[in-house]
Amino acid sequence: MITRDAAYWRQYRKDHPGIYMKYHAKIIDKKRIQLKAWSEKNRDKRHATAKKYYDSHKDIVNQRNKQYHEANKDSIHNQAKGYALKNKEVIKVKMAAYHKKRYATDPKYKAGLFHRATERRITVQQRTTNPKPILDFIESVKSKPSAICYYCQKRVSTNHIHFDHMIPLSKGGMHSVENLCVSCDKCNLSKHDKLIADWMTLGQQLLTL
Ligand SMILES: [Zn+2]
């Protein structure tokens, strides 16, 4: 009698490659669906197992990932680039949603946007070496519901507030917290890039106080 153990079937597959491949092709889709269903059903379990393994083998896993990344740098890069090229619109929509959400929920991010946008259009000499006071100032103003316009003394909602460089950047003013003030949109738009003395008519400062 022939014993049909694993070694027998291994040999059988080797001797009949055509038959095996035919069978394999027949069931592969079924197997794939089965596996996908199982994997979706046991998502939490799989994640828990993977996390448990990672926690107890951190060094090995990180080392292995690093090695894999090093060895496959180009293909990983090309894959990411290919994905980005193919999914331009999807990425654009996703990024816009991400920025919108952060803009609405993260005051630090909002302050940073104003700071970075300013930095982009000024000379190196006008830049500050320490942006923290600027960011803190903007964040503290924005964290309150309203603020007083430095120029007209009107109270305005911080949703509509502007930050103005008192000595305009175009006139060589510094992008520093000492040169920043809170302004309503009306004053900000009308002052534009004029010096305070040129913008206000003589005596106006007294009238508004
Ligand atoms: Zn104003």
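Summary table
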{"item": "Tabulated pairs, the stretch 174-192, first closer than 10 Å to residue 164 by Cβ and free of Cβ contacts under 8 Å to residues at least 60 places away in the same chain, second assigned to a loop (DSSP other than H, G, I, E, B) and of a type in the set (Gly, Ala, Ser), C-beta under 7 angstrom, 6+ apart or interchain", "result": "179/173"}
{"item": "Residue check for residue 22: surrounded by 10 or more Cβ atoms within 10 Å (Cβ to Cβ) and either in contact (Cβ under 8 Å) with a residue 12 or more places away in the chain or assigned to a helix (DSSP H, G or I) (or both)", "result": "yes"}
{"item": "Residues of the stretch 19-56 satisfying the condition of being of a type in the set (Ser, Thr, Tyr) and in contact with a helix residue (DSSP H, G or I) (Cβ under 8 Å, 6 or more places away or on another chain)", "result": "20, 39, 53, 54"}
{"item": "Boolean, residue 107 is under 29 Å from residue 187 (Cα atoms), modelled with pLDDT under 90 and not polar (S, T, N, Q)", "result": "yes"}
{"item": "Test: residue 162 is within 29 Å of residue 104 (Cβ to Cβ), free of Cβ contacts under 8 Å to residues at least 40 places away in the same chain and under 31 Å from the mean Cα position of the chain (by Cα)", "result": "yes"}
{"item": "The stretch 138-155, residues that are away from the ligand (no atom under 11 Å from the Cβ) and in a loop (DSSP other than H, G, I, E, B)", "result": "143, 144, 145"}
{"item": "Residues that are under 35 Å from the mean Cα position of the chain (by Cα) and either farther than 23 Å from residue 64 by Cβ or at pLDDT below 85 (or both), drawn from the stretch 34-44", "result": "35, 36, 37, 38, 40, 41, 42, 43, 44"}
{"item": "So residue 170, is it polar (S, T, N, Q), in contact with a helix residue (DSSP H, G or I) (Cβ under 9 Å, 6 or more places away or on another chain) and part of a helix (DSSP H, G or I)", "result": "no"}
{"item": "Subset of the stretch 156-180 (residues that are within 10 Å of the ligand (Cβ to nearest atom) and either within 18 Å of residue 197 (Cα to Cα) or modelled with pLDDT of 95 or more (or both))", "result": "164"}
{"item": "Total residues in the stretch 158-170, condition within 20 Å of residue 129 (Cα to Cα) and surrounded by fewer than 17 Cβ atoms within 10 Å (Cβ to Cβ)", "result": "4"}
{"item": "Residue in the stretch 94-126 that is surrounded by the most Cβ atoms within 10 Å (Cβ to Cβ), counting only those that are in contact (Cβ under 8 Å) with a residue 12 or more places away in the chain and among the small types (Gly, Ala, Ser)", "result": "111"}
{"item": "Of residues in the stretch 138-149 being crowded, with 17+ Cβ neighbours inside 10 Å and either of a type outside the set (Gly, Ala, Ser) or in contact with a Cys (Cβ under 8 Å, 6 or more places away or on another chain) (or both), the one modelled with the highest pLDDT", "result": "149"}
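The values are calculated or read from the model by the stated rules, or taken from the named source; none is laboratory data. For clarity, every value in this text was computed on a predicted model and none was experimentally measured. A quick note on method: Cβ atoms are made from the backbone with ideal geometry, for glycine too, and the neighbour counts reach across all protein chains shown.
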